[in-house]
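Enquirer: If you scroll down you'll find the structure; I have some questions about it.
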Amino acid sequence: TKLELIKLCRKKTTMIVTAGCLLGTVIFFLLPYMQFHVWNSDGTMLSGKEAVAYRKEVYEMLSGTMTEERITEDIQDYQSVYSNPENVITERGGKTALKDDIFYKYFEPRHSYLDLLGNAYSNNESGADNLMNVNLNSGADFYRARAETVIERIDNNEDLGEAEKEYWKEKALSIKTPFEYGYMLGWYNFGDTAEMLIICILGICIVLSSVFAEEYQTGTASIILSTRFGKNKIIRAKLVSAFLFSTVIFAVNAIIALTISLRLFGSEGGNLPIQIGSTSAPYQLTFQQAALLSIGIDYIVLLGLVSVTLLLSSKMKSSLSVLIVDMLIIIVPIFFSINKATALLPAMATLGTSLFNYYISYNIGGRVVNHFVMILIVYIVMSAIALPMATKMFKNHQVG
């Protein structure tokens with residue numbers, strides 16, 4: 001195993017691809033920070049540390065428990081500001097908008113929070129625009145409105161059967177309330193960018209595409225299989241070294257990605273519920289739990305794809321052929337839209353924490369299995385099937 005691992009790591013391809021993966025991870029997870037700009041109350045655009053510091057101040061101002069009383073007051077304030085003729089201007093087409101000074105002092109610091117509130121009242125994703133239509137005679141009734149919007153979204157989902165709809169209604173409506181609001185951009189930005197770890201997964205598959213195929217190309221397969229341990233220990237060593245390599249490289253990339261996000265945006269808010277990012281999210285998870293769970297799911301997907309890569313490598317005589325098939329499996333689905341039919345493909349199974357915003361499930365023998373549990377099942381089964389087949393294929397390739 002040690003010799004196979006050394007052999008794998010010393011290849012020029014391994015070094016180049018591994019370095020490329022690390023560089024890609026650093027760049028992609030730095031982008032949210034590099035592109036992070038906010039307007040302060042004076043209408044000045046801030047970036048970098050200043051932008052993060054200002055956004056933290058805003059969240060601290062708005063942080064706290066989202067009780068019905070607080071939400072009622074916040075919506076009332078919004079309606080009062082927008083209803084005051086001195087605060088608005090009429091744009092072309094007759095649409096009204098806040099004057100610049102009011103926009104920067106009042107709306108801009110609160111827009112994420114107000115959009116969050118507004119999306120609970122309608123399925124139209126119009127955010128704060130929905131708040132002007134909220135009747136406050138009996139209070140905001142925010143959590144009832146959220147429940148109705150969630151039910152509407154589930155009922156309108158044509159991909160769901162009746163049993164699945166009931167499953168999601170029960171799950172989404174059992175979320176603990178009231179929500180706690182606060183700063184969580186470090187965890188949020190990691191989860192939002194975590195889908196880019198698919199580049200690392202692809203890189204690992206590229207490196208491993210030659211594990212068995214190279215033995216065919218160099219003509220050493222017949223020598224290996226004719227030795228005392230060629231049909232058992234050497235094959236096992238190849239598999240173990242492949243998974244050790246995969247685990248270490250993936251772990252390093254995931255740690256770097258998470259560290260970048262938390263160092264640049266802060267580690268606060270990991271204990272806050274993901275519902276303050278999307279009120280309709282149906283899972284009872286905190287941002288920290290969602291981030292770590294998404295990394296775990298990515299790792300299981302990686303193991304499944306590594307197993308398939310090893311199977312292809314044991315079957316095909318060219319590592320290039322293996323690489324082409326891997327790229328088709330991993331890259332092409334990136335351009336698909338997510339639905340029940342595509343949700344288990346690698347690109348859709350590694351969407352980061354946005355995975356927990358979807359109502360995707362499968363009815364298996366009368367039992368409803370949600371999306372991320374189904375991902376775990378499929379890729380674990382994939383590994384369990386592909387690895388024995390890879391072993392058998394390599395043995396029989398020369399024996400036959």
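The values are calculated or read from the model by the stated rules, or taken from the named source; none is laboratory data. Just so it is clear, the structure is predicted and the values come from calculations on it, not from any experiment. Note: ideal-geometry Cβ built from the backbone for every residue, glycine included; neighbour counts use all protein chains shown. Quick note on the areas: whole protein, heavy atoms, side chains included, nothing else; ligands and nucleic acids left out. Shrake-Rupley method; radii C 1.70, N 1.55, O 1.52, S 1.80 Å.
Enquirer: Let me spell out the model: positive unit charges on the Cβ of Lys and Arg, negative unit charges on the Cβ of Asp and Glu, origin at the Cα centre of the range 25-138. What dipole size does that give, in debye rounded to 20?
Expert: That gives a dipole near 300 debye.
Enquirer: Pop out the ³J(HN,Hα) list for the range 8-24 in order, Karplus 6.51 cos²θ - 1.76 cosθ + 1.60 with θ = phi - 60°, rounded to Hz; leave Gly and Pro as x.
Expert: In residue order, the calculated couplings are 5, 6, 7, 5, 4, 4, 4, 5, 5, 5, 4, 5, x, 4, 5, 5, x Hz.
Enquirer: Could you derive backbone 3J(HN,Hα) for the range 128-144 from the dihedral phi with the Karplus parameters 6.51, -1.76 and 1.60 (θ = phi - 60°), listing whole Hz in sequence and x where the residue is Gly or Pro?
Expert: Rounded to whole hertz, the list is 4, 4, 6, 5, 5, 9, 7, 7, 9, 4, 10, x, 5, 6, 4, 6, 5.
Enquirer: Continuing with the same structure: What is the dipole size for the chain, taken about its Cα centre, with +1 at each Lys and Arg Cβ and -1 at each Asp and Glu Cβ, in debye to the nearest 20?
Expert: Using only the charged Cβ atoms, the result is roughly 3080 debye.
Enquirer: With θ set to phi - 60° and the Karplus curve 6.51 cos²θ - 1.76 cosθ + 1.60, what are the ³J(HN,Hα) couplings of the range 261-273 in order, to the nearest whole Hz, using x for Gly and Pro?
Expert: With coefficients 6.51, -1.76 and 1.60, one gets 5, 6, 6, 7, 9, x, 9, 5, x, x, 8, 7, x Hz.
Enquirer: Here are labelled values, [x] 68, 54, 43; [y] 88, 50, 39; [z] 70, 49, 42, and one is the computed Cα extents along the principal axes in Å for what I pasted. Which one?
Expert: So the calculated entry is the one marked [y].
Enquirer: How large a share of the accessible area of the chain, in percent, is made up of carbon and sulfur atoms when the probe is 1.4 Å and the other protein chains stay in place?
Expert: Carbon-and-sulfur percentage of accessible area, whole number: 58.
Enquirer: What order, most packed first, do the peptides 236-242, 199-205 have when packing is the mean number of other Cβ atoms within 10 Å of each residue?
Expert: The most tightly packed comes first, giving 199-205, 236-242.
Enquirer: For the chain, what does the helix formula give at 222 nm: sum of -39500 (n - 2.57) over DSSP H segments with n ≥ 4, over the residue count, nearest 500 deg cm²/dmol?
Expert: Calculated mean residue ellipticity at 222 nm is -19500 deg cm²/dmol.
Enquirer: Once both labels are modelled 7 Å past Cα along the beta-carbon direction, what's the Ala97-Thr44 spacing in nm?
Expert: Those two pseudo-labels are separated by 2.4 nm.
Enquirer: Hey, got the dipole for the range 98-157? About the Cα centre, +1 on K and R Cβ, -1 on D and E Cβ, debye to the nearest 20?
Expert: 180 debye
Enquirer: Continuing with the same structure: Percent relative contact order of the chain, based on C-alpha pairs within less than 8 angstrom and at least six residues apart?
Expert: Once divided by the residue count of the chain, the mean separation gives 21 percent.
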